Structures are given as C-alpha cells and as structure tokens.
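Enquirer: I have a structure I would like to understand better, so I am pasting it below and will then ask my questions one at a time.
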C-alpha cells in the first residue's frame with residue numbers, strides 16, 4: 001500500500017510540475033527558432049526592438065534610430081505585431 005501511494009505521488013508531481021515546464025521550454029525553443037529579420041520583439045529584460053540581423057546564438061536589435069545592440073536569442077520573450085503606443089500606468093505616475 002505505501003508503495004502505491006508513493007508511486008501515485010511521484011506521478012502526480014510529474015504531471016503537475018515537470019510536464020508544464022517541458023511544454024513552456026518547447027514553446028520558447030520554437031519562438032527562438034522562428035525569429036527573423038524585421039520582427040519586432042520584446043526581451044525578457046523589458047527591452048523592445050526590431051531584429052536587424054539573426055545569427056546562430058545571437059541577434060542584433062535596433063532599439064532606437066541608428067542604435068543596435070547584440071543580444072542572446074534565448075532572451076526573447078515575445079514576437080510582437082506592433083510596439084506598444086502607451087506607457088503602463090505605473091510608469092506614467094512617475
């Protein structure tokens with residue numbers, strides 16, 4: 001009986017913890033693989049930019065007119081349709 005309970009607990013932990021994490025990792029890997037020049041992106045640090053060059057493990061982002069930065073592809077958080085036009089409410093109060 002205790003062996004069955006322990007086995008059920010381990011299976012439950014795997015389903016609740018490890019399976020969702022694996023899904024998130026696969027989705028992020030697909031996002032990183034799909035980025036291309038011209039995409040507008042958001043990095044995990046909160047930086048917005050347009051991709052100007054894609055390399056194997058890094059990419060160049062234009063963050064302002066004429067200003068490019070080199071970032072790791074793994075830092076991508078989201079590919080955007082368009083840049084936000086308004087600041088978040090918390091930033092407007094300062």
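Enquirer: For a quick check: sort 48, 60 by the number of other beta carbons within 10 angstrom, fewest at the front.
Expert: Working: 48 14, 60 17.
With the sparsest Cβ surroundings first, the list reads 48, 60.
Enquirer: Can you sort 50, 44 from fewest to most other Cβ atoms within 10 Å of each residue's own Cβ?
Expert: Values: 50 16, 44 13.
Ascending Cβ contact count within 10 Å gives the list 44, 50.
Enquirer: Just to be sure I understand: with springs between alpha-carbon atoms less than 10 Å apart, which residue in 55, 13, 25 has the highest mean-square fluctuation in the Gaussian network model of the chain?
Expert: 13
Enquirer: State, as an integer percentage, the relative contact order of the chain based on alpha-carbon contacts under 8 Å between residues 6 or more apart.
Expert: Working: 101 pairs, mean separation 20.4, N = 94.
Computed over the chain, the figure is 22 percent.
Enquirer: Classify region 2-81: rounded, prolate or oblate, from the alpha-carbon gyration tensor (a ≥ b ≥ c, eigenvalue square roots; a/c under 1.5 rounded; otherwise prolate if a/b is larger than b/c)?
Expert: Numbers: a/c = 4.23, a/b = 3.74, b/c = 1.13.
In terms of gyration-tensor shape, prolate.
Enquirer: Over the chain, with a Gaussian network built from C-alpha contacts below 10 Å, which listed residue (27, 58, 82) shows the highest mean-square fluctuation?
Expert: The residue that fluctuates most here is 82.
Enquirer: With springs only between Cα atoms under 10 Å, which of 11, 32, 71 fluctuates most in a Gaussian network model of the chain?
Expert: Ranking 11, 32, 71 by mean-square fluctuation puts 11 first.
Bear in mind that the values in this text are calculations on the coordinates, not laboratory data. Everything quoted here is computed from the prediction, not taken from an experiment. Glycine also receives a Cβ, built like all others from the backbone with ideal geometry; neighbour counts cover every protein chain displayed.
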